[in-house]
Amino acid sequence: MTTSRKRFTAPQRLLHWLMAICILSMLFIGVGMVSTVTPRYLTLVQIHKPLGIAILVLALIRLTLRFIYKAPALPPDLPEPIKLAAELSQYAFYALMIGMPLIGWGMLSAASYPVVLFGGVHLPSILPVSPSLHTLLWRAHYYLAFAFFACILMHIAAILFHKLIRDDGVFEAMAPVFSRNQPK
Amino acid sequence: MVQSSASPKSFRLGPVVIIAVVVGVAAIAFAYTAGWLSPHRLTPKKVVAALAPPGGPALGHRRNHAKGICFTGTFEANGDGSALSKAPVFVRGQYPVVGRFNLGTADPNAADAMVRVRGIGIRITTPDGQEWRSAMIDAPIFPVSTPQGFYELLTASASKDPDAMKKFIAAHPEFITFLGWAKSAPWTGSYAEERYNSLDSFLFVDGSGAKHPIRWSLVPAAQPVSVPPDELTKRGPDFLEQEITQRVAASPQRWSVIVTVANPGDPTADPNKAWPADRRTVEVGTLTVQQIEPERDGPCLNINFDPTVLPSGITTSDDPFPAARSAAYSRSYNSRTAEASYYPGTTTGAKQ
């Protein structure tokens, strides 16, 4: 699943950075909204639902692009355990980007809440109303959110490691603009 | 960033510090947002915990208004609400309703005669799938003016300090108006004889986009008959549920849905303040309760009557309560659905 290109294609890079903003916002909105009883709660919930669906759509587009354009190869001198971690982290990110919105949607369905996107526009229910399903999905949504954030922290640490310590072109492969440090 | 010049060639401290700082700052920002660094933040968790009786919450039940009975019925809109709100629910027609009569207590086994506040939750669904959920009570005003005040009321009521309530009232004199109602208002012998009030203010948005601050009430068709509390005590712990079951089986019970429109300057942000009695009212339709069902396996059991589930055409106002209620109801719902196995096999099983 690799390409001889040194960088991800422009649409892939655009999606990466757009989704980075969306997902980080989403995680902060999520932990913030469940911690408050102020009117901010409603505002945050109203953003959380459509933003989650937007992330789901973007993630599916991104996965399609990934199959079409593939990814640049990792530096050949990268130690095997790091290579493995890098590959596994990509599976984890795709699973979370697609899974979290679906779990959230399913959780609301199982609780008989309408999934309102905006105004009168809402999504159909995807699961039967069930306390046990709701509980399972709610817990998954809650714990996976922290796992997602932990993955992002590791991702940031890893890319800074590539850029600042190894300077091996991995950052440039996804950098939003062409930087002076061309991948070698 | 200055890189450490003292480090050996093979290991530079600077980049490691940068990485640690970036990750650390992100983690702290996350923890702050989650409220972990703000012990004084009023969280849904705190509010819901404060509702629990001394022995802990009744597992599997709603954390407040824990005792209740389901019903199904209809809302028949007469079309007059459409002048104020574009919500489809006000278009002349009949829409299905799932609801729940309930008592304002955290104890699902409370004796009906002991609970001052009675309530109703309704969910009206229109064919396009939009929902209007509302949870109302029979008091004409809310006990306090702010969610923080409500939390303080709960903590004062549960406090062992004999002066706790005195201190609370000194800080929240608006509670005295509510106490006046609680002490003097007549009691009735039926859920069907109660008037239920939204108390909270919402905004109706009409077809032109204009917003109208409003409150709504369910006004019973049944004539309220005042019954002394001593007399109610003799009717047994579940007399309200038995009475409404028999009454609805005999004939459907009706309420007029009345919308009260605020005048400019009326207090919309404070459900403790009633609006003057001369405000314009619009009857928008009739709620008919057609069938009563026990809560266990009943159609209302797994519904959260979250007052912020609103159709397009109704929105929240500057009243801070619907948001606070939504946050707390959600927490209650998450807890009780996770405890569903604790919900008794039959609603009255323990007592039979």
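The values are calculated or read from the model by the stated rules, or taken from the named source; none is laboratory data. Note that this is a predicted model, so its numbers are computed, not measured. Here the Cβ positions follow ideal geometry from the backbone for every residue, glycine too, while neighbour counts run over all protein chains shown.
Somewhere in region A:27-35, is a residue under 24 Å from A:Arg139 (Cα atoms), outside any helix (DSSP H, G or I) and within 12 Å of chain B (Cβ to nearest Cβ)? The answer is yes, given that some residue of region A:27-35 is under 24 Å from A:Arg139 (Cα atoms), outside any helix (DSSP H, G or I) and within 12 Å of chain B (Cβ to nearest Cβ). Cβ-Cβ distances below 7 Å connect the following pairs, each with a first residue in region B:106-130 that is of a type in the set (A, V, I, L, M), a second residue that is buried (at least 20 other Cβ atoms within 10 Å of the Cβ) and part of a loop (DSSP other than H, G, I, E, B), and a separation of six or more residues or different chains: B:Ala106/B:Pro57; B:Ala106/B:Ala58; B:Ala106/B:Arg63; B:Ala106/B:Asn64; B:Ala106/B:Ala66; B:Val115/B:Thr105; B:Val117/B:Asp138; B:Val117/B:Ala139.
Going by the conditions given, is B:Arg325 within 14 Å of chain A (Cβ to nearest Cβ) and within 20 Å of B:Ala139 (Cα to Cα)?
Details: within 14 Å of chain A (Cβ to nearest Cβ): yes; within 20 Å of B:Ala139 (Cα to Cα): yes.
Against the criterion (within 14 Å of chain A (Cβ to nearest Cβ) and within 20 Å of B:Ala139 (Cα to Cα)), B:Arg325 qualifies.
Restricting A:Leu160, A:Leu136, A:Leu102, A:Leu88 to those that are modelled with pLDDT of 95 or more, over 26 Å from B:Thr126 (Cα atoms) and either away from every other protein chain (no Cβ under 14 Å) or in contact with a Lys or Arg (Cβ under 6 Å, 6 or more places away or on another chain) (or both) reduces the list to A:Leu88. Go through (1) assigned to a loop (DSSP other than H, G, I, E, B); (2) of a type outside the set (D, E, K, R); (3) more than 13 Å from the chain's Cα centre (by Cα) and name the single condition B:Asn64 misses. It is condition (3) that B:Asn64 fails. Pairing each residue of region B:16-40 that is free of Cβ contacts under 8 Å to residues at least 40 places away in the same chain and facing chain A (nearest Cβ under 7 Å) with any residue that is of a type outside the set (A, V, I, L, M, F, W, C) and part of a helix (DSSP H, G or I), provided the two are 6+ apart or on different chains, yields C-beta distances under 6 Å for B:Thr33/A:Gly32.
Quick grid of which residues meet (1) within 20 Å of B:Pro299 (Cβ to Cβ); (2) in contact with a Pro (Cβ under 8 Å, 6 or more places away or on another chain); (3) part of a helix (DSSP H, G or I):
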site	(1), (2), (3)
A:Leu74	no, no, no
A:Leu88	no, no, yes
A:Ala92	no, no, yes
A:Val129	yes, no, no
A:Arg139	no, no, yes
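Within the bounds of region A:4-20, is there any residue that is more than 14 Å from every other protein chain (Cβ to nearest Cβ), assigned to a helix (DSSP H, G or I), in contact (Cβ under 8 Å) with a residue 24 or more places away in the chain and among the polar types (S, T, N, Q)? Taking every residue of region A:4-20 in turn, at least one turns out to be more than 14 Å from every other protein chain (Cβ to nearest Cβ), assigned to a helix (DSSP H, G or I), in contact (Cβ under 8 Å) with a residue 24 or more places away in the chain and among the polar types (S, T, N, Q). Of the residues examined, B:Val98 is one that is of a type outside the set (Asp, Glu), at pLDDT 95 or above and in contact with a Cys (Cβ under 7 Å, 6 or more places away or on another chain).
Inside region B:23-57, can you point out the residues that are assigned to a helix (DSSP H, G or I) and either within 19 Å of B:Arg325 (Cα to Cα) or assigned by TED's automatic domain parsing to the domain that holds B:Ala106 (or both)? Spell out the reasoning first.
Just the residues of region B:23-57 that are assigned to a helix (DSSP H, G or I), to begin with: B:23-33, B:44-51.
B:Pro44, B:Lys45, B:Lys46, B:Val47, B:Val48, B:Ala49, B:Ala50, B:Leu51, listed by residue number.
When B:Arg331 is tested against the conditions (1) over 21 Å from B:Leu51 (Cβ atoms); (2) at pLDDT 95 or above, the lone failure is (1). The numbered conditions (1) within 30 Å of A:Ala157 (Cα to Cα); (2) modelled with pLDDT of 95 or more; (3) touching a Leu at 6+ places or on another chain (Cβ under 8 Å) are all true for B:Leu51 except (1).
Among the residues of region A:143-154, none is identified as among the hydroxyl-bearing types (Ser, Thr, Tyr) and either at the interface with chain B (Cβ under 9 Å from one of its Cβ atoms) or touching a residue at least 40 places away in the same chain (Cβ under 8 Å) (or both). Can you pull out the residues in region B:189-211 that are surrounded by fewer than 21 Cβ atoms within 10 Å (Cβ to Cβ) and in contact with an Asp or Glu (Cβ under 7 Å, 6 or more places away or on another chain)? Hits for region B:189-211 are B:Gly189, B:Ser190, B:Arg195. Any idea which residue in region A:150-179 is nearest to A:Arg7 (Cα to Cα), counting only those that are surrounded by fewer than 16 Cβ atoms within 10 Å (Cβ to Cβ) and in contact with a Pro (Cβ under 8 Å, 6 or more places away or on another chain)? It comes out as A:Arg166. All conditions but one from (1) in a helix (DSSP H, G or I); (2) closer than 25 Å to A:Leu56 by Cα; (3) not basic (Lys, Arg) apply to A:Ser112; the one that does not is (1).
For region A:21-60, the set of residues classified as of a type in the set (D, E, K, R) and in contact (Cβ under 8 Å) with a residue 40 or more places away in the chain consists of A:Lys49 only. Total residues in region B:109-130 satisfying the condition of being within 14 Å of chain A (Cβ to nearest Cβ), surrounded by 20 or more Cβ atoms within 10 Å (Cβ to Cβ) and not aliphatic (A, V, I, L, M): the figure is 4. Applying the condition of being in a loop (DSSP other than H, G, I, E, B) and touching a helix residue (DSSP H, G or I) at 6+ places or on another chain (Cβ under 6 Å) to region B:110-127 and asking which residue is farthest from B:Pro228 (Cα to Cα) yields B:Thr126.
How do the helices (runs of 4 or more DSSP H) wholly within region B:169-261 filter down when requiring 3 or more residues that are of a type in the set (S, T, N, Q) and either in the same structural domain as B:Trp132 (by TED's automatic domain parsing) or within 21 Å of the chain's Cα centre (by Cα) (or both): which remain?
Working: elements: B:175-184, B:229-233, B:239-250.
Those helices (runs of 4 or more DSSP H) span B:239-250.
Residues in region B:131-142 that are over 23 Å from B:Thr315 (Cβ atoms) and crowded, with 20+ Cβ neighbours inside 10 Å were compared, and the one that is farthest from the other protein chains (Cβ to nearest Cβ) is B:Asp138.
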